[in-house]
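Working notes, beginning with the structure itself.
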Amino acid sequence: MISNHLLFKLASGEVFGPDQPIALKLLGSERSFQALEGVAMELEDSLYPLLKEVSIGINPYEVFQDAEWALLIGAKPRGPGMERADLLDINGKIFAEQGKALNAVASRNVKVMVVGNPCNTNALICLKNAPDIPAKNFHALTRLDENRAKCQLALKAGVFYDQVSNVTIWGNHSTTQVPDFLNARINGSPVKEVIRDTKWLQEDFTEKVQKRGGVLIKKWGRSSAASTSVSIVDGIRSLVTPTPEGDWFSSGVYTNGNPYGIAEDIVFSMPCRSKGDGDYELAMDVIFDNHLLERITKTEAELLAEKRCVAHLIGEGVAFCDLPEDTMLPGEM
Ligand SMILES: NC(=O)c1ccc[n+]([C@@H]2O[C@H](COP(=O)([O-])OP(=O)(O)OC[C@H]3O[C@@H](n4cnc5c(N)ncnc54)[C@H](O)[C@@H]3O)[C@@H](O)[C@H]2O)c1
């Protein structure tokens, strides 16, 4: 569903600009191969001037050959009665294999964006299985959560979305995620000076963003594919265009010497800035208070527990799964 929206945006030039030709290599599974053929036919029939090649396959060692960007979307959704630990294991294996394939055949400069859930830990598994590619090149998508947070702040303040800046999603793409209203700004002023309703910020806003995906499924009967594809576009564009002065964007990135005191060696959503060269730096001018730190600690604990559940997939011995509670992905009820 997500790819079916995203591919047409990539082919149109909306993501990498009107001067960048595109070759799309689509990786499917045996089960989805016919659907893949159908999507490829629709792409061909769209006659996009920038789209120079569409190829399809089910072997990541062939499909990832020389890839400059790898958008890893395919994964299994959690079925009824399935524990988060089961999902971590089933999907983790997909991302271990894809990490190995990227390591073997992709461009050494490949940028990898993991969308398939649970995306933070899948990204960690992927990068651990690709030791020859810099860990900094791997991202887990939390931009949809940032966009949702911006929308809610704009609606509450009665301003247009583009007046809201410096919105960070901290931590895991799950219902423990932390939408940060302490550092966020509206028209350049701290959100707390514009929206004086602290209860709304601490409770309603936070929960609305955390549970938005689930509410949407209930109404729509399916998960948010269109807005997710838009957020993937936003996430890529944030890396290939310079970040506006003073602002930042959220991405789930590898913690390796982070300035915020967050546990190392996990994939944690944090505020990033880019010069537009595909790389990023962490934002430095960030403040914390007890409320923010407490919530960050909770999402951090969840990611550390997820990491213990997938020890067998990241070369760290035998897995031991003691997730603090069975939290939901934002798209689940
Ligand atoms: N990070 C985010 O913000 C975010 C938001 C929404 C959805 N998601 C996640 O994105 C993923 C995809 O969502 P969707 O709505 O497009 O789901 P979908 O079920 O429509 O599509 C998933 C596709 O992946 C394919 N697939 C399964 N295993 C594969 C493998 N090993 N290799 C290649 N392809 C494989 C399936 O055949 C299917 O076509 C899900 O895991 C979902 O939870 C993440």
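List of remarks:
- Cα convex hull volume per residue for region 142-306 (Å³): 117
- Phi to ³J(HN,Hα) by Karplus 6.51 cos²θ - 1.76 cosθ + 1.60 over region 17-31, Hz, x for Gly, Pro: x, x, 9, 9, x, 10, 10, 9, 10, 9, 9, x, 10, 3, 5
- Amide H contacts of V114 (H built 1.01 Å from N, under 5 Å, at least 5 apart or other chain): L72, H139, A140, L141
- Chymotrypsin sites (Phe, Trp or Tyr not before Pro) within region 179-270, DSSP loop, no more than 12 other Cβ atoms inside 10 Å: none
- Entries in K218/K275; K156/K219; K199/K219; K25/K100 that, when Cα-Cα distance is taken, lie over 29 Å: K218/K275
- Dividing the C-alpha radius of gyration of region 86-146 by 2.2 N^0.38 Å, with N its residue count, gives 1.05.
- Take the Cα of S55, go 7 Å toward its beta carbon, and the backbone nitrogen atoms of region 90-122 under 14 Å from that spot belong to 105-107.
- The largest-to-smallest principal axis extents of the Cα set in region 267-333 are 39, 31, 24 Å.
- Available extension along the chain between E68 and K219 is 50.6 nm, counting 0.36 nm per residue and deducting the alpha carbon span.
- FRET efficiency, E97 to D322 (Cβ-Cβ, R0 30 Å, nearest 0.05): 0.70
- Qualifying trypsin sites (Lys or Arg not before Pro) in region 1-78, DSSP loop, other Cβ atoms within 10 Å at most 11: R31
- Whole-Å semi-axes of the ellipsoid equivalent to the chain (Cα gyration tensor, √5λ, descending): 30, 24, 20
- Rounded to the nearest 20 debye, the dipole magnitude of region 159-208 is 80 debye, with +1 charges on Lys and Arg beta carbons, -1 on Asp and Glu beta carbons, and the Cα centre as origin.
- Computed helical MRE - 222 nm, the chain, DSSP H runs ≥ 4 contributing -39500 (n - 2.57), nearest 500: -12500 deg cm²/dmol
- Close amide H contacts of W170 (hydrogens built in the peptide plane, cut-off under 5 Å, sequence separation of 5 or more or a different chain): V178, D180.
- For region 112-202, the set of trypsin sites (Lys or Arg not before Pro) satisfying both a DSSP loop assignment and a count of at most 14 other C-beta atoms within 10 Å is given as R196.
- As a fraction of the 1.4 Å probe accessible area of the chain, surface on carbon and sulfur atoms comes out at 52 percent.
- Note on the chain: with charges restricted to the Cβ of Lys and Arg (+1) and Asp and Glu (-1), its dipole about the Cα centre is near 560 debye.
- Region 256-299, accessible area per residue, ligands and nucleic acids excluded (1.4 Å, Å²): 50
The values are calculated or read from the model by the stated rules, or taken from the named source; none is laboratory data. What you see is a predicted model, and the numbers here were worked out from it, not measured in a lab. When we count neighbours, we look across all protein chains shown, and the Cβ atoms used for this are built from the backbone with ideal geometry, even at glycine. SASA here: full protein model, heavy atoms, side chains in, ligands and nucleic acids out. Shrake-Rupley method; radii C 1.70, N 1.55, O 1.52, S 1.80 Å.
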